Amino acid sequence: MLRKAFSKLRKGLTKTRESFAGALRAVAGGRSLDDDLLRELKRRLVEADMGVETSLRLVDAMRDAAKRGEIKTGDEAVAFLKSRVLETLRSGEDNAAVGPRARASSETPYVVLVVGVNGVGKTTTIAKLANRYQQEQLRVVLGACDTFRAGAVRQLEIWAQRLGVEIIRGKEGGDPDAVAFDACDAAVARGADVLILDTAGRLHTQEPLMRQLRKIRDVATKRIASAPHETLLILDASTGQNAVRQAEQFTGAVDVSGLILTKLDGTARGGVVVAIRDAIGLPVRFIGVGETIDDLAPFDAEAFVDALFEAESPAAKPASRQEPIRN
Ligand SMILES: Nc1nc2c(ncn2[C@@H]2O[C@H](COP(=O)(O)OP(=O)(O)O)[C@@H](O)[C@H]2O)c(=O)[nH]1
Ligand SMILES: [Mg+2]
């Protein structure tokens, strides 16, 4: 993995690492593994938001390994834990790559539909993704299908201007699926490589809004065969177990193909990534580790676990000076 990406990931996980890895070392270091320590370790896992079920499963595995005589000390237990967490994150499809370059048959444009509840970071993440694709010399078009709030279109527009990418927006108060329709046509006409569709925040219980989302998807499928190629659910990691519930509920209501977890930088709840992977089988594509345009790291299970349990790493790079856009 690139050094820069690793240091970004490490920096983003600082809070989680400090409270999680720091506490693990403090309670487990130089001790023998007994029931007291197992209880203590379980508490730390739950506190890092790995979820009660996942934490129990991990502790049971530790207890079994101890019974078999495979682990005897606290330090061995932590090493065992690390390998089990890595296993959980690696299970199933685990491919950070999203985009036309990642596909064998690269029909274009590659359509990415971005969904999630309000305020989780959809629009910001779209800007980060657009920036990434541009750096790969790909031509990007954005579709502002969040017609619900006037500020939402404006926010995406500001990012588009900064990045110099084309944005398709609808008429005031227009239908989101009409914007999707225009955006697909424009992306085809311009020979775009990637089309990213922003959508309004919604809850899985808001049936009219979920129906609207499926309409947007259907329009994309009609205009561009096999689109959307990727439907990304954005989750705010700092909401902990709420993010796990959102993942379960959203994936039950629409076809989601991958996840992006945002705001890992501001939280000690980084363990939620493990809980989500354990609860639903979807791959985590990227993680958001800040508010600036390049604060998006491809999800790499090994690097993530290393960063969580604190391994050797290159020095952190200085923070970017770019200002985030708020609305
Ligand atoms: N710290 C941090 N803030 C983020 C991240 N991603 C988004 N945000 C902030 O979260 C807020 C809501 O983001 P926005 O993209 O408007 O969310 P949306 O409603 O889902 O489109 C904004 O203030 C963003 O700057 C992240 O990875 N880290
Ligand atoms: Mg938005």
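How many residues, within the range 117-141, are part of a loop (DSSP other than H, G, I, E, B) and within 16 Å of ligand 1 (Cβ to nearest atom)?
At the first step, the residues of the range 117-141 found to be part of a loop (DSSP other than H, G, I, E, B) are 117-121, 136-139.
Next cut, within 16 Å of ligand 1 (Cβ to nearest atom) only: 117-121.
Number satisfying all stated conditions: 5.
Assuming ALA227 fulfils every condition listed in (1) within 14 Å of ligand 1 (Cβ to nearest atom); (2) touching a residue at least 12 places away in the same chain (Cβ under 8 Å) apart from one, which condition is it?
With (1) within 14 Å of ligand 1 (Cβ to nearest atom); (2) touching a residue at least 12 places away in the same chain (Cβ under 8 Å) applied to ALA227, the lone miss is (1).
To keep it simple, each residue is scored yes or no on (1) in a loop (DSSP other than H, G, I, E, B); (2) within 16 Å of ligand 1 (Cβ to nearest atom); (3) aromatic (Phe, Trp, Tyr).
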{"site": "LEU232", "(1), (2), (3)": "no, yes, no"}
{"site": "ALA268", "(1), (2), (3)": "yes, yes, no"}
{"site": "ILE287", "(1), (2), (3)": "no, yes, no"}
{"site": "LEU308", "(1), (2), (3)": "no, no, no"}
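Which one of the conditions (1) under 23 Å from the mean Cα position of the chain (by Cα); (2) more than 13 Å from ligand 2 (Cβ to nearest atom); (3) in a helix (DSSP H, G or I) does ALA183 fail to meet, given that it meets all the rest?
For ALA183, the failing item is (1).
What pairs come out if I take residues in the range 141-152 that are free of Cβ contacts under 8 Å to residues at least 24 places away in the same chain and pair them with residues that are more than 9 Å from ligand 2 (Cβ to nearest atom) and of a type in the set (D, E, K, R) whose C-beta lies under 8 Å away, six or more apart or interchain?
Within 8 Å, the pairs are ALA150/GLU172.
Any chance the range 157-168 includes a residue that's away from ligand 1 (no atom under 16 Å from the Cβ) and either in contact (Cβ under 8 Å) with a residue 60 or more places away in the chain or touching a Pro at 6+ places or on another chain (Cβ under 9 Å) (or both)?
There is no residue in the range 157-168 that is away from ligand 1 (no atom under 16 Å from the Cβ) and either in contact (Cβ under 8 Å) with a residue 60 or more places away in the chain or touching a Pro at 6+ places or on another chain (Cβ under 9 Å) (or both).
Tell me which residues, restricted to the range 119-153, are modelled with pLDDT under 95, within 16 Å of ligand 2 (Cβ to nearest atom) and either basic (Lys, Arg) or within 25 Å of ASP218 (Cα to Cα) (or both).
Residues satisfying the conditions are ASP146, THR147, PHE148, ARG149, ALA150, ALA152, VAL153.
Please pick out the residue among ASP218, ASP255 that is farther than 30 Å from THR14 by Cα and not in a helix (DSSP H, G or I). Break it down into steps so the answer makes sense when it comes.
Details: ASP218 fails: not in a helix (DSSP H, G or I).
None of the others qualify; the one that does is ASP255.
Does GLN161 qualify as being under 26 Å from PHE299 (Cβ atoms) and part of a helix (DSSP H, G or I)? Quick ask: steps written out before the conclusion?
Details: under 26 Å from PHE299 (Cβ atoms): no; part of a helix (DSSP H, G or I): yes.
The answer is no for GLN161.
Is it the case that the range 239-249 has a residue that's in contact with a His (Cβ under 8 Å, 6 or more places away or on another chain) and either modelled with pLDDT under 95 or within 12 Å of ILE276 (Cα to Cα) (or both)?
Checking the range 239-249: at least one residue is in contact with a His (Cβ under 8 Å, 6 or more places away or on another chain) and either modelled with pLDDT under 95 or within 12 Å of ILE276 (Cα to Cα) (or both).
Are any of the residues in the range 126-136 within 24 Å of LEU264 (Cα to Cα) and among the β-branched types (Val, Ile, Thr)?
Yes: the range 126-136 contains one or more residues that are within 24 Å of LEU264 (Cα to Cα) and among the β-branched types (Val, Ile, Thr).
The values are calculated or read from the model by the stated rules, or taken from the named source; none is laboratory data. Just so we're clear, the structure is a prediction, and the values are computed from it rather than from any experiment. Cβ: placed from backbone, ideal geometry, glycine included. Neighbour counts: every protein chain shown.
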